[in-house]
Amino acid sequence: MSAILEVRDLHVRLPVAAGELHAVRGIDFTVRRGETLCIVGESGCGKSMTSLAVMGLLPRRAKRQVASLRFDGIDLSSLSERQMSDIRGNRMAMIFQEPMTSLNPAYTIGNQLAEALTRHRPVSGREAEQRAVFLLEKVGITSAGDRLRQYPHQLSGGLRQRVMIALALMCDPALIIADEPTTALDVTIQAQILHLLVSLQREFNMALVLITHDLGVVARVANRVAVMYAGEIVEVGTTAELFARPMHPYTEGLLRCIPIPGRTRRDEPLGSIAGLVPSLIGQQHGCGFANRCEYVQDACREGSVLLGMEAGHAYRCLFTPEARRPAEVRS
Amino acid sequence: MSASVLETRDVRCTFSVRQGLFKPKRPLHAVNGVSLTLRKGEVLGLVGESGCGKSTLARMLLGLQAPTGGEILFEGQSIGRLDRASITRKIQTVFQDPYSSLNPRKSISSIVSLPLRVHKIGNPADWQNQVERMLDMVGLPRRVYHSYPNQLSGGQRQRVAIARALIMRPEVIICDEPTSSLDVSVQAQILNLLRELRQELGLTYLLISHNLAVIDYLASRIAVMHLGRIVEEGTTDTIMRQPSHPYTKALLASVLTPEPGLGVPATDLGTSFPSPLAPPPGCTFHPRCPAAMQVCKEAAPKPRAQADGGMVECHLYT
Ligand SMILES: Nc1ncnc2c1ncn2[C@@H]1O[C@H](COP(=O)(O)OP(=O)(O)OP(=O)(O)O)[C@@H](O)[C@H]1O
Ligand SMILES: Nc1ncnc2c1ncn2[C@@H]1O[C@H](COP(=O)(O)OP(=O)(O)O)[C@@H](O)[C@H]1O
Ligand code: SF4
Ligand code: SF4
Ligand SMILES: [Mg+2]
Ligand SMILES: [Mg+2]
């Protein structure tokens with residue numbers, strides 16, 4: 001499968017009162033045509049900054065530095081803001097956690113859906129409306145024709161997220177980046193929306209980058225997974241591989257933290273990861289996970305740790321799982 | 001079966017809300033006739049989706065919200081006849097949001113000791129000692145004694161909230177989404193702490209969550225709430241393995257465990273979303289229920305006792 005999106009050595013830095021915050025620290029990833037890549041990590045690890053950097057939507061003060069950023073053969077890093085806005089919402093669309101950040105409360109659903117198409121394609125208003133109705137029905141909204149005249153605030157949260165998905169699909173994109181699209185929704189509605197996203201992704205053969213903090217969502221949705229920690233990708237692999245044989249101590253620890261009904265013993269403590277995420281302000285040294293890792297050695301705190309390659313399954317650790325030893329003194 | 005500590009009998013809470021400036025007020029039945037029993041030493045899990053009335057029920061149990069109907073009993077006595085102070089000595093709470101539930105201008109020592117000062121419990125000379133013991137117990141370093149909430153992480157703040165609840169030596173702790181705003185690695189630390197404290201101190205918990213996997217790990221019984229009513233209740237094993245109510249089944253199917261290969265199940269719930277301000281007639285779940293029948297649109301189902309001591313409220317079982 002060929003790549004639709006290629007990101008090499010992406011950095012995002014944000015000036016803050018105490019210095020420079022290194023939110024994304026040199027990450028590489030590739031998204032293949034038609035696949036679902038999940039980027040997973042805990043809050044503050046840099047997931048949203050990564051997606052905004054790819055879309056060219058970073059906050060004004062943020063600095064993006066990237067060795068290569070290619071979408072569908074186009075070098076995005078050299079495009080002007082104007083050229084970028086021709087691609088956004090067109091061949092590459094985004095879905096946010098909070099639908100109201102993308103929906104304008106002052107316009108009807110129909111107007112906003114139609115505008116998304118007429119902005120990028122030479123079609124009549126009538127044709128745009130037809131596509132809007134077609135897609136609203138696709139995302140499971142009944143009596144779609146009537147919904148066109150409604151305003152965003154007249155819809156429930158779940159319906160709004162469905163409208164957002166229809167909006168993203170208007171120009172038949174090759175790639176959708178969805179940042180926590182179901183985090184604000186109730187669990188039954190989350191399952192419905194994810195079910196819908198997966199089936200549409202297959203039907204329209206789009207690539208999907210799904211960003212989430214929830215490893216349960218990842219296991220059920222992704223073809224491949226990239227695990228982020230403190231601004232870096234610490235492990236990447238196919239979903240089956242990564243869940244069956246997590247290679248990075250962080251991934252391994254994270255999987256032990258999640259209670260699974262029917263599997264987790266109720267009379268035993270859950271696994272947990274002691275300590276806190278390091279501050280990303282100022283220059284970073286050594287492995288980002290060193291202060292929480294149960295296998296940390298002196299060597300881990302020096303220099304940088306590279307992503308070791310292993311047949312499509314890579315992880316950022318100085319040691320193979322077999323070579324790891326418990327740390328002598330825990331701090 | 002151990003004695004009941006807290007009991008609600010057909011308890012109700014109706015708010016009067018206005019949807020627009022010029023629209024008339026309408027009743028919102030946030031809690032619409034709930035009868036539940038919390039027995040000594042157990043963990044009762046309360047699960048349901050946003051707005052179904054979980055926090056309103058919790059606030060009534062804590063004496064923070066007056067019921068508009070029904071009765072709440074603490075150790076067999078009507079709570080209406082007990083004074084607030086004696087309720088707070090026995091029932092404490094840990095809220096969802098460790099960011100807003102702690103006063104940002106107060107130090108950790110003053111936050112944790114506040115209940116002792118308010119209720120004038122014990123000897124002031126001993127308060128520091130007690131606070132330090134609580135910090136040890138919830139796994140916080142003693143150096144946070146003089147810190148402020150904004151200097152602590154989310155998980156540490158939730159430990160402060162637990163220390164503040166425990167210092168009163170309560171019998172019951174009501175945990176309202178204690179881990180919902182935390183990352184999973186921190187959630188695991190807090191769930192372990194709640195589990196250890198219960199064993200050590202013999203506490204009784206009402207654990208509120210929308211996450212059935214969290215409830216399954218800690219609770220011995222589960223009550224499922226939907227639009228102001230308990231629609232099913234039973235032992236954790238029954239609810240998790242053989243749920244009866246279509247809503248419980250949908251909630252269970254929606255738990256996305258980290259097990260690859262299972263995919264995202266289709267729940268067949270449709271896209272309508274009943275508003276608590278205009279609840280549908282009959283069974284309030286009928287617009288989303290894949291098993292709905294004609295009778296469900298006309299008459300509300302009545303609760304029916306189940307073999308394991310639980311109950312279900314659905315026309316399929318009447
Ligand atoms: N003070 C109030 N005035 C008016 N309506 C209220 C008030 N408090 C709660 N409600 C309404 O009562 C219903 C139940 O609210 P409650 O906070 O108990 O839900 P919940 O189950 O705790 O939801 P969540 O999972 O989102 O915390 C909601 O429709 C809510 O909007
Ligand atoms: N506008 C901003 N100004 C300064 N720092 C920010 C800003 N937005 C995010 N950050 C910081 O950048 C880091 C990564 O944030 P983000 O990408 O939003 O994380 P995630 O989406 O993984 O939760 C965090 O440390 C966060 O506090
Ligand atoms: S490099 Fe060292 S500290 Fe980092 S994950 Fe590997 S063993 Fe742990
Ligand atoms: S009463 Fe009817 S609509 Fe309600 S849950 Fe049972 S079958 Fe479904
Ligand atoms: Mg984010
Ligand atoms: Mg609540």
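The values are calculated or read from the model by the stated rules, or taken from the named source; none is laboratory data. Bear in mind the structure is a predicted one, so any value in this text is a computation, not a measurement. Because the Cβ atoms are built from the backbone with ideal geometry, glycine has one as well, and the counts that use them run over all protein chains shown. Only protein heavy atoms, including side chains, enter the accessible area calculation; ligands, DNA and RNA are left aside. Shrake-Rupley method; radii C 1.70, N 1.55, O 1.52, S 1.80 Å.
Can you pull the percent of the protein assembly as shown's accessible area that's carbon plus sulfur, 1.4 Å probe, other chains left in place?
Whole-percent figure for carbon plus sulfur exposure: 50.
Top mean-square fluctuation among B:Ser181, B:Ser220, B:Ser86, Gaussian network model of chain B, C-alpha springs under 10 Å?
Largest GNM mean-square fluctuation: B:Ser86.
Separation of the range B:1-64 and the range A:183-261 by C-alpha centroid, Å?
Here the two parts' Cα centres lie 35 Å apart.
Report, to the nearest 10°, how far helix A:125-138 tilts away from the longest principal axis of the Cα atoms in chain A, using its own Cα long axis and a range of 0 to 90°.
Between helix and principal axis, roughly 50 degrees.
What is the magnitude of the charge dipole of the protein assembly as shown about its Cα centre, with +1 placed on the Cβ of each Lys and Arg, -1 on the Cβ of each Asp and Glu, and no other charges, expressed in debye to the nearest 20?
1580
I want to verify a result. In a Gaussian network model of chain B, Cα cutoff 10 Å, which of these has the top mean-square fluctuation: B:Thr37, B:Thr257, B:Thr14?
Comparing B:Thr37, B:Thr257, B:Thr14 in the GNM, the peak value goes to B:Thr257.
How big is the range A:102-170 in terms of Cα radius of gyration and Dmax, in angstroms?
10.7, 32
Based on alpha-carbon positions alone, could you give the equivalent ellipsoid semi-axes of the range B:1-87 from the gyration tensor, as √(5λ), descending, whole Å?
Taking √(5λ) for each eigenvalue gives 27, 15, 10 Å, largest first.
Probe of 1.4 angstrom, ligands and nucleic acids ignored: what's the accessible area per residue over the range B:4-317, in square angstrom?
That works out to 43 Å² per residue.
So if I take the centroid of the Cα atoms in the range A:1-73 and the same for the range B:178-196, what is the distance between those two points in Å?
Taking the Cα centre of the range B:178-196 as reference, the centre of the range A:1-73 is 30 Å away.
Please list B:His226, A:His285 in order of solvent-accessible area, largest first, computed with a 1.4 Å probe with all protein chains present.
Largest accessible area first, the list is A:His285, B:His226.
Averaged per residue, what accessible surface does the range A:231-287 expose to a 1.4 Å probe, in Å²?
I get 45 Å² per residue for this part.
Using alpha-carbon positions, what is the distance between the centroids of the range B:138-165 and the range B:116-134, in Å?
Cα centres, the range B:138-165 to the range B:116-134: 17 Å.
Just to be sure I understand: if you take the accessible area of chain A alone plus chain B alone and subtract the pair, with a 1.4 Å probe, what total do you get in Å², rounded to 100?
It comes to approximately 3800 Å² buried between A and B.
Compute accessible area for the range A:36-53 by itself and then with all protein chains, 1.4 Å probe, and report residues whose area falls by 50 Å² or more.
A:Glu42
Starting from the Kirkwood radius over alpha-carbon pairs of the range B:229-318, derive D by Stokes-Einstein at 37 °C in a medium of 0.692 mPa s and give it in µm² s⁻¹.
Answer, rounded: 231 µm²/s.
Have a look at the range B:186-211 and report residues whose accessible surface goes down by 30 Å² or more when the remaining protein chains are included, against the chain on its own, probe 1.4 Å, ligands and DNA/RNA excluded.
Buried by 30 Å² or more upon assembly, which counts only protein chains, are B:Ala188, B:Gln189, B:Asn192, B:Arg195, B:His210.
Once the Cα atoms of chain A are picked out, what are the Rg and Dmax in Å?
Answer for chain A, Rg first and Dmax second: 21.1, 71 Å.
Most fluctuating residue of A:Met92, A:Met49, A:Met100 in a GNM of chain A with Cα springs under 10 Å: which is it?
Fluctuation is largest for A:Met100.
Please give the residues from the range A:269-288 for which the solvent-accessible area of heavy atoms, probe 1.4 Å, is smaller by at least 30 Å² with all protein chains in place than with the chain isolated.
A:Pro269, A:Leu270, A:Ser272, A:Leu276
So which lysines can A:Lys63 reach, going by Cα to Cα under 18 Å and dropping same-chain residues fewer than 8 places off?
A:Lys47
Return one whole number: the accessible area per residue of the range A:102-170 in Å², for a 1.4 Å probe.
Solvent-accessible surface per residue comes out at 47 Å².
Please name whichever of B:Gly310, B:Gly263, B:Gln189 sits farthest to the positive end of the charge dipole of chain B, dipole taken about the Cα centre and charges placed at Cβ: Lys and Arg +1, Asp and Glu -1.
Value computed over the given set: B:Gln189.
For the full complex of protein chains and a 1.4 angstrom probe, list B:Phe285, A:Phe243 by accessible area with the highest value first.
A:Phe243, B:Phe285
Within the range B:4-317, count lysine pairs with alpha carbon atoms under 22 angstrom apart where the residues are 8 or more positions apart or belong to different chains.
Lysine pairs satisfying the spacing and distance rule in the range B:4-317 number 9.
Picking from A:Leu270, B:Ala253, B:Leu6, whose Cα lies most toward the positive end of the charge dipole for the protein assembly as shown (charges on Cβ: Lys, Arg +1; Asp, Glu -1)?
B:Leu6
From the gyration tensor of the Cα coordinates in chain B, what semi-axes in whole Å does the equivalent ellipsoid have, largest first, with each one equal to sqrt(5λ)?
35, 22, 20
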